[in-house]
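Computed from the coordinates by the stated procedures, all read-outs in this text should not be read as laboratory data. Every value quoted in this text rests on a predicted model; they were computed, and no experiment measured them. Virtual Cβ from ideal backbone geometry, glycine too; neighbours counted across all protein chains shown.
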Amino acid sequence: MAQSRLILASGSSYRREQLSTAGYEFETRPSNIDETPLPDETPPEIAKRLAYQKAIAVLTVCPSAIVIGSDQVCALDGQALGKPGTTEAAIKQLQLLSNRTVTFHSAVAVLSANNSRQFIEPTEVVMRDLTLAEIENYVALDSPLDTAGAIKSEQRGSLMFSRVTSDDPSALIGLPLIRLAATLRDFGINPLAPDAPSS
């Protein structure tokens, strides 16, 4: 039996590369939702809500598909840090994170017409005591303007870390692939058993 159409509800090149490298066949369809946090919303709540809203927005127009929505929020002392957007903001954000512990909340929603699963995977990162020169050089090299916390862990971001604690090392990039793979198997999608019948 053919596997269901799989759609990643995101324009993120990082998540697209993660799914592709893991062997999934999928389409991408950005959802373009409003990502403004709600009043008094905590970082995990922001991530979970946005992941679900991204997925449901795409499922509404592709009702026969299985849709993956995801979002990641970087939190310092329980407060969400957005994507910096500019070089100056990225430098200021990394100065704020220097020698601190931050948490990246990576949320995923997998939806189909008759099934729904959601989860969130936290990753704790202890940052080194960074000099301004290190920060400026890092921002110039990686240009992390579109990533939570101004950190690209898949590039040179790990050079700024002292320690990372997570049950899923892939979560820091954006998609927690261990839990996502388990969830997709429940939806009948498994790159290691492509001819298995859908559940």
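Considering the range 105-132 alone, what residues qualify as being in a strand (DSSP E or B) and either of a type in the set (Val, Ile, Thr) or in contact with a Cys (Cβ under 6 Å, 6 or more places away or on another chain) (or both)? Hits for the range 105-132 are Val108, Val110, Ile120, Thr123, Val125, Val126.
Entry remark, the range 4-51: residues being assigned to a strand (DSSP E or B) and in contact with a helix residue (DSSP H, G or I) (Cβ under 9 Å, 6 or more places away or on another chain) number 4 in total. Only one entry of Asp77, Asp129, Asp71 meets the criterion of being closer than 22 Å to Gln53 by Cα and either crowded, with 23+ Cβ neighbours inside 10 Å or among the acidic types (Asp, Glu) (or both), and that entry is Asp71. All conditions but one from (1) assigned to a strand (DSSP E or B); (2) β-branched (Val, Ile, Thr); (3) more than 23 Å from Gly157 (Cα to Cα) apply to Val102; the one that does not is (3).
Could we say that Ile66 is farther than 30 Å from Ala140 by Cβ, in contact with a strand residue (DSSP E or B) (Cβ under 9 Å, 6 or more places away or on another chain) and of a type in the set (A, V, I, L, M, F, W, C) here? Yes; evaluated as a whole, the condition is true for this residue. Give the residue that is farthest from Ile68 (Cα to Cα), with candidates limited to residues of the range 140-199 that are among the basic types (Lys, Arg) and outside any loop (DSSP other than H, G, I, E, B). Per the criteria, the residue is Arg163.
Scan the range 138-173 residue by residue and report those that are touching a Pro at 6+ places or on another chain (Cβ under 7 Å), buried (at least 21 other Cβ atoms within 10 Å of the Cβ) and hydrophobic (A, V, I, L, M, F, W, C). If the condition is that a residue be touching a Pro at 6+ places or on another chain (Cβ under 7 Å), buried (at least 21 other Cβ atoms within 10 Å of the Cβ) and hydrophobic (A, V, I, L, M, F, W, C), then Ala150, Ile151 are the ones that fit. Of everything listed in (1) assigned to a loop (DSSP other than H, G, I, E, B); (2) buried (at least 16 other Cβ atoms within 10 Å of the Cβ), the single unmet condition for Ile135 is (1).
Of the set (1) farther than 24 Å from Ala113 by Cα; (2) of a type in the set (S, T, N, Q); (3) buried (at least 19 other Cβ atoms within 10 Å of the Cβ), all apply to Ser31 but (1).
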